[in-house]
Structures are given as structure tokens and as C-alpha cells.
Amino acid sequence: MIVVNFGHPLTEAQRSGIEQLAAQPVERVIAVPTQFSHDQPFAEQARALIDQIELTPTEWQIAPLLINLPSLNTIAAVVIAELHGRMGYFPAILRLRPVAGSVPPQFEVAEIINLQGIRDAARAGRHPGV
């Protein structure tokens, strides 16, 4: 599996947690430093950000990818939209949570969220004709 990381660097413990939840090895982590200017349109910046990732169009569509989203919600939303356009489906995303009582703050892997599965389940709940 390839982890595309738009967030803070992942620790060895976090990588191990990902492998346990996903039941497959992390073959590669692609670190994508994410800093947007509030003075420029986010859609353009997201496109440029994702353009710099060294994955082919075929890899975007068929490689086993897990996404660690940027922490700013509006950037994350635009990144998801850009990824969906390239992948043809919603990606699986990583959720980290704070480790209780840790000083300095530490984060552990909480879950892998299957966005496409959530989308598919939501569609099944729509009313006919809507």
C-alpha cells in the first residue's frame, strides 16, 4: 500500500498501526508538504500540489492508496475533490487521534475510513427519483 501523506510525518508506530488495520504492508509513504496561501484560490493550489506527486494516471486509478489528509478542513475538501477526479472514486483516508495523557502530544492511528463505502451506502439510502 502507498500512503500519500499531506500531514505531519508518520512515526514508525503509526506505520505499524496502519499495517495492522489495513492488513497489508506500507510499501511507500509519499510525503507531500502542504502549505496553501490564503490569497490564492485553493482549487488551483490543490491541483498544483497533487500534480507534484509522482504517480502515473494508471497508479492513481489502481494502486492501493491510503490518504492522510491535510488538517485544515477546506484544504482537505478540495484535495478530496481533486483526488476523486484523478482516481475515479473516493479514497480511503487515515484518522489519527491524540494519545491520552501524552506529553508532548502524540497521535496514534484510530481508523481507516473508506470514503467510497460511505458514499455508496449513502446512495443506497436515497429516495427513488431524487
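Read-outs: derived from the displayed coordinates by stated rules, not from any lab. Because the structure is a prediction, the values reported are computed rather than measured. Here the Cβ positions follow ideal geometry from the backbone for every residue, glycine too, while neighbour counts run over all protein chains shown.
Rounded to the nearest 20 debye, the dipole magnitude of the chain is 400 debye, with +1 charges on Lys and Arg beta carbons, -1 on Asp and Glu beta carbons, and the Cα centre as origin.
When the chain is treated as a GNM with alpha-carbon contacts under 10 Å, the residue of T34, T56, T11 showing the greatest mean-square fluctuation is T56. Looking at the chain, send over the antiparallel percent of its DSSP beta bridges, to the nearest 5. If we restrict to bridges inside the chain, about 40 percent are antiparallel. Sort the chain into rounded, prolate or oblate with this rule: let a ≥ b ≥ c be the square roots of the eigenvalues of the Cα gyration tensor; rounded if a/c is under 1.5, and if a/c is not under 1.5, prolate when a/b is larger than b/c, oblate otherwise. Cα axes put the chain in the rounded bin. Under a point spin-label approximation (7 Å from Cα along Cα-to-Cβ), what is the R126-A48 distance to one decimal in nm? Each label point is offset 7 Å from its Cα along the Cβ direction, giving 3.5 nm.
Using 0.36 nm per residue and subtracting the Cα-Cα separation, the extra length available between R86 and N73 on full extension is 2.7 nm. Shape call for the stretch 49-116 from the C-alpha gyration tensor, a ≥ b ≥ c root eigenvalues: rounded (a/c under 1.5), prolate (a/b greater than b/c) or oblate? Note, shape of the stretch 49-116 comes out prolate. Using a Gaussian network model on the chain with a 10 Å cutoff between Cα atoms, which of L69, L55, L94 fluctuates the most? Between L69, L55, L94, it is L55 that shows the largest mean-square fluctuation.
As a check on your grasp of the helix formula, calculate [θ] at 222 nm for the chain: sum -39500 (n - 2.57) over DSSP H runs of n ≥ 4, divide by the residue count, round to the nearest 500. Numbers along the way, then the final one.
Details: 5 runs with 52 residues, N = 130.
Theoretical 222 nm ellipticity from helices: -12000 deg cm²/dmol.
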